[in-house]
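Have a look at the structure below, then the notes.
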Amino acid sequence: MAEAQPKKRRSEEYMARRREIEKEQTKTRIYIGESIQRWRELRRQKGFQSDAQVAKLVVVNACTLEPSFSEAPVMS
């Protein structure tokens with residue numbers, strides 16, 4: 001069996017950059033709770049490669065079915 005390699009020590013610059021990336025990603029994260037199973041099933045059924053594709057489908061369909069959604073104010 002191969003000998004385990006010691007963990008690399010990351011530079012402060014690398015770690016600061018990773019924290020900045022995580023901070024930016026957190027700004028676009030949404031929580032859909034129990035709907036995650038339905039979300040994953042829709043993604044699988046449509047053959048999508050990303051959650052962004054599912055989100056686009058959901059938003060477009062919501063705005064098509066209920067035009068007032070596209071006129072609603074954006075929550076911040």
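Bear in mind that the values in this text are calculations on the coordinates, not laboratory data. On a predicted model such as this, the values are computed, not experimentally measured, just so you know. Every residue, glycine as well, gets a Cβ built from its backbone with ideal geometry; the counts of neighbours run over all protein chains shown.
Brief remarks on what is shown
- Counted by neighbouring Cβ atoms within 10 Å, the residues 9, 43, 17 run from fewest to most as 9, 17, 43.
- Set of lysines with alpha-carbon distance to residue 8 below 17 Å, sequence-local pairs under 8 removed: none
- Straight-distance crosslink candidates among aspartates and glutamates, where the alpha carbon sits under 18 Å from residue 27 and sequence neighbours closer than 8 are dropped: 51
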